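Participant: After the structure tokens below, expect a handful of questions from me.
The values are calculated or read from the model by the stated rules, or taken from the named source; none is laboratory data. Quick caveat: nothing in here was measured; it's all calculated off a predicted structure. Positions of Cβ are generated from backbone atoms using ideal geometry, with glycine treated the same way; all protein chains shown enter the neighbour counts. Each accessible area value is taken on the protein alone, full model and side chains, heavy atoms only, with ligands, DNA and RNA left out. Shrake-Rupley method; radii C 1.70, N 1.55, O 1.52, S 1.80 Å.
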Amino acid sequence: MGGATPEGEAANSENLAGAVRTGTQHLLAAKQDTLTGLPGQVVGFDTSGAALAVQGWSNPNLLDNWSFSDPINQRGQTEYYSRGYTIDRWKVNGASDTGLSVQLTSDGIVFKKSVADTYGSFCQKLENPEWLTGKTVTFSMLAKGNTDPYLLIYFNGENSGIGTTSVPLTDDWNLYTITKTITRSDITAVQISVGYQKADPVGSTIIRAAKFELGSEQTLAHRDEAGNWVLSDPPPNKALELAKCQRYFVRLPLLPYQSIGIAQGFTGTRARLSLYLPQPMRATPSLNAPPGDIFQLVESPASEATSPSAHLSTSATSLSNNILTLELNPQDGVSLSVGQTYIVRNKETSAYIDISSDL
């Protein structure tokens, strides 16, 4: 009849479909070969519709108070010179109380070593890290400095180093990162640190931000179109960061003659006061205040002239949700009336009460 058979039409259709698939695969392969990017990027499009790699995702940061250009700093100092806590959740560990310091600047935290024969670290300890056992984690920081030959980045388990990398710092902002798998089955502490070895000379580094995250890729920062390192996430919400930090530490500032609350005579030498904290703390805290008789117990306005001075007890008696019960002890041999209520107030100079559940 001169026409195509059904079998021939099917064969021609299959051949055409195969040619289309082959051609499409070649076209896709050609486009794929021209598109490159970095871990953490996805395919985006510019204003002309051309495909390009753009920043596409970011892992949660397991650190608190990680943005150092404007950190939570309840202790209020602009520079810290000895071992112990500095900005919230971060502390200096060292061989001595001299030679290491932390300074707050608009660019970030300046971690400085001024004595050549000492060592130490600027670190944050994670709470309940057992769930990290067997997981791959990445620690990174955006920093610059003049330390020669290097700064160290490491994270510890029970004070034994799990991962360490040397950082040859430069005058330009750079990203420094380390990835390790936590293999210890009995891990009870993870301490995220940047630090100096004892043999290192003096120097300093500025750290803008740090991140500790799950996975083998860092998502703290990426390069912009000009090739500069920029943070992938916006600055954290300061109200949320403060709330997280106050689970570990609260500084209660007191103005001259400021009332703190109402206490009740518990014995002749102890008055108990309940304070409402901004957040439930992780554990019953320790207390600290400036030395001396900085508080007064006032029975009534008419008795102010004879109101006894009082010391703050250094430990809290109980913690229930966000209600903390503490004790004050009258001085100069004054005996309190059991069951009597007293106004507790600061004396004539500014003071504070530090309430700490820090790790």
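Participant: Tell me which residues come under 5 Å, amide H to amide H, from residue 221 once H is placed; ignore anything under 5 positions away on its chain.
Facilitator: 232
Participant: Looking at the stretch 138-239, which GluC sites (Glu not before Pro) are in a loop (DSSP not H, G, I, E or B) and have at most 11 other Cβ atoms within 10 Å?
Facilitator: Counting only loop positions with at most 11 other Cβ atoms within 10 Å, the GluC sites (Glu not before Pro) in the stretch 138-239 are 225.
Participant: Where only protein heavy atoms count, and the probe is 1.4 Å, what is the accessible area per residue for the stretch 254-359 in Å²? It would help to have the intermediate numbers written out before the result.
Facilitator: Working: 5190 Å² over 106 residues.
Spelled out: the 1.4 Å probe surface of the stretch 254-359, per residue, equals 49 Å².
Participant: Which residues' amide hydrogens lie under 5 Å from the amide hydrogen of residue 74, considering only partners 5 or more residues apart or on another chain, with H built in the peptide plane?
Facilitator: 88
Participant: Give me a comma-separated list of calculated 3J(HN,Hα) values for the stretch 334-351, in order, Karplus coefficients 6.51, -1.76, 1.60 applied at θ = phi - 60°, integers in Hz, x for any Gly or Pro.
Facilitator: Each residue's phi maps through the Karplus curve to give 6, 9, 8, 8, 4, x, 6, 8, 9, 7, 9, 9, 6, 8, 7, 10, 4, 8 Hz.
Participant: Starting from the 7 Å offset along Cα-to-Cβ, what nm value, one decimal, do you get for the label separation of residue 106 and residue 166?
Facilitator: 3.6 nm
Participant: Determine the alpha carbon to alpha carbon distance for each of 113/211; 91/135; 91/112; 135/238; 91/113; 112/244 and list only those over 20 Å.
Facilitator: Flagged as over cut-off: 113/211; 91/135; 135/238; 112/244.
Participant: How much of the accessible area of the stretch 218-359, probe 1.4 Å, is carbon plus sulfur, in whole percent?
Facilitator: 51 percent
Participant: Give me the percent of accessible area attributable to carbon and sulfur for the stretch 60-157, probe 1.4 angstrom.
Facilitator: 46 percent
Participant: How large is ³J(HN,Hα), in whole Hz, for each residue of the stretch 279-291 in order, when computed from phi with the Karplus curve 6.51 cos²θ - 1.76 cosθ + 1.60 and θ = phi - 60°, using x for Gly and Pro?
Facilitator: With the stated coefficients, the stretch 279-291 comes to 9, x, 8, 6, 7, 4, x, 9, 10, 8, 8, x, x Hz.
Participant: Moving on to the next point. Just to confirm, what accessible area per residue do you get for the stretch 88-127 at 1.4 Å probe, in whole Å²? If you can, show how the numbers build up before the last one.
Facilitator: On the way: 1420 Å² over 40 residues.
Per residue, the stretch 88-127 has 35 Å² of solvent-accessible surface.
Participant: Packing-wise, with mean Cβ within 10 Å as the measure, how do 321-327, 78-84 rank, highest first?
Facilitator: Listed from highest to lowest mean packing, they are 321-327, 78-84.
Participant: A follow-up question, please. Per-residue HN-Hα couplings for the stretch 247-263, Karplus 6.51 cos²θ - 1.76 cosθ + 1.60 at θ = phi - 60°, whole Hz, x for Gly and Pro?
Facilitator: Values, residue by residue: 5, 10, 7, 9, 9, 9, x, 10, 7, x, 6, 6, 6, 9, x, 10, 10 Hz.
Participant: If you count, for each residue, the other Cβ atoms within 10 Å and average over each peptide, how do 293-300, 248-255 line up from highest to lowest?
Facilitator: Averaged packing, sorted descending, gives the order 293-300, 248-255.
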